[in-house]
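Everything on this sheet refers to the single structure shown next.
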Amino acid sequence: MRRLAAAVALLGLATSGHVTAATPIADSNTNRSDTSDETAQPVPDIDVSSDSGSGEIGAGVALPAGASTEQSGQPTRPPCSWTRAVNGDFRDTPGTATGEGARPSDPVVQRDASGAVTRTGWWKECPPQGAVFVWVEPSVDIESLIDGAAARVRRTTPVPVPDINPPPPAGSIVNLGMWLAVQDPGATVAQVGVAGEWARVEASHTGFTVDFGNGDEVTCDGVGTPIVDPEVVDEGPCGYTYRRSSPDDTPFQVTITSNYVVTYATSTGRSGTLAPISRSTTFAYDVDEIQTVGVSN
């Protein structure tokens, strides 16, 4: 009968926000689960430690200053445990705001008018008392959200796709001007949100550098300039001209490196820049030399 104590607590919360009175399912342990991906630790005054695989969060209650951990030679009382409440724990689900999930395994939450989570439901059990349902205001570490969004952006920011002329499969010839460009990768964006708070990270392409495999480099702004007339022999606005051919049977190894600036914004109003991102691709590029032979009459 560990859930019956929750009914009294819930009735007292029935007039708060979107909360409605709920009837716990008596002695129903099989429906409890820990879905702690949407909230931080339940209360600030406990020392939390995880219990792997149990769906429980064990917590030692913080003692007042000067208090002893033992009384009359007896050990302290067993620690309180915290377990996320799910819809399946109740006949009527508390926190029935618009947008809340209806599945039995969904966590019990309270939302504001915009749908953002304002409080989460937990079972608090401090032996020898039974489990009591309590609302907890989630605390979110914005720095962790920024790190999570940044990690996603770094995993998905693309390598450059060359758009140069003459193209790599054809190669070039000595003294023929090249036009340097890459396909527009667009912005890479990731947003991570927890309990109504969020962080958004965006990587924007700013330019690229071409290493021609012979010691020369050229840096272009943006995506460069694709060629407009294949008959043009001069190099483009951002271009290059090989003055020597590549060694026999050994093409130059050309590397294009795209550079991205990374910015972030958060639901708290905090914003800024993160470490830049670079992505590279390397390909073989053959450069031949055309020999002209004079013929006398």
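Every number in this text was worked out from the coordinates using simple rules, so none of it is lab data. Predicted, not measured: the structure shown is a model, and the values here were computed from it. Note that we place each Cβ from the backbone using ideal geometry, even for glycine, and neighbour counts take in every protein chain shown.
Please count how many residues of segment 246-289 are surrounded by 18 or more Cβ atoms within 10 Å (Cβ to Cβ) and of a type in the set (Ser, Thr, Tyr).
Number satisfying all stated conditions: 7.
Would you confirm, using the coordinates I've provided, whether Phe208 is among the aromatic types (Phe, Trp, Tyr) and free of Cβ contacts under 8 Å to residues at least 60 places away in the same chain?
Criteria met by Phe208.
Inside segment 121-170, can you point out the residues that are surrounded by fewer than 17 Cβ atoms within 10 Å (Cβ to Cβ) and farther than 30 Å from Ser105 by Cα?
Arg155, Thr156, Pro158, Val159, Val161, Pro167, Pro168, Pro169, Ala170, listed by residue number.
For the condition in contact (Cβ under 8 Å) with a residue 60 or more places away in the chain, under 30 Å from Val117 (Cβ atoms) and of a type in the set (S, T, N, Q), what is the one hit in Thr281, Thr273, Thr266?
Going through Thr281, Thr273, Thr266 in turn, the sole match is Thr266.
Among all residue pairs at least 6 apart or on different chains, which show Cβ distances below 7 Å where the first residue, located in segment 239-263, is farther than 14 Å from Pro162 by Cα and the second is assigned to a loop (DSSP other than H, G, I, E, B) and among the small types (Gly, Ala, Ser)?
Listed pairs, sorted by first residue: Phe252/Gly213; Phe252/Ser246.
Just wondering, is there one or more residues in segment 104-116 that are crowded, with 18+ Cβ neighbours inside 10 Å, over 24 Å from the mean Cα position of the chain (by Cα) and over 23 Å from Val189 (Cα atoms)?
Within segment 104-116, the subset crowded, with 18+ Cβ neighbours inside 10 Å is 107-111.
From what is left, the residues that are over 24 Å from the mean Cα position of the chain (by Cα) are 108, 110.
Filter once more, keeping what is over 23 Å from Val189 (Cα atoms): 108, 110.
Scanning segment 104-116 turns up at least one residue that is crowded, with 18+ Cβ neighbours inside 10 Å, over 24 Å from the mean Cα position of the chain (by Cα) and over 23 Å from Val189 (Cα atoms).
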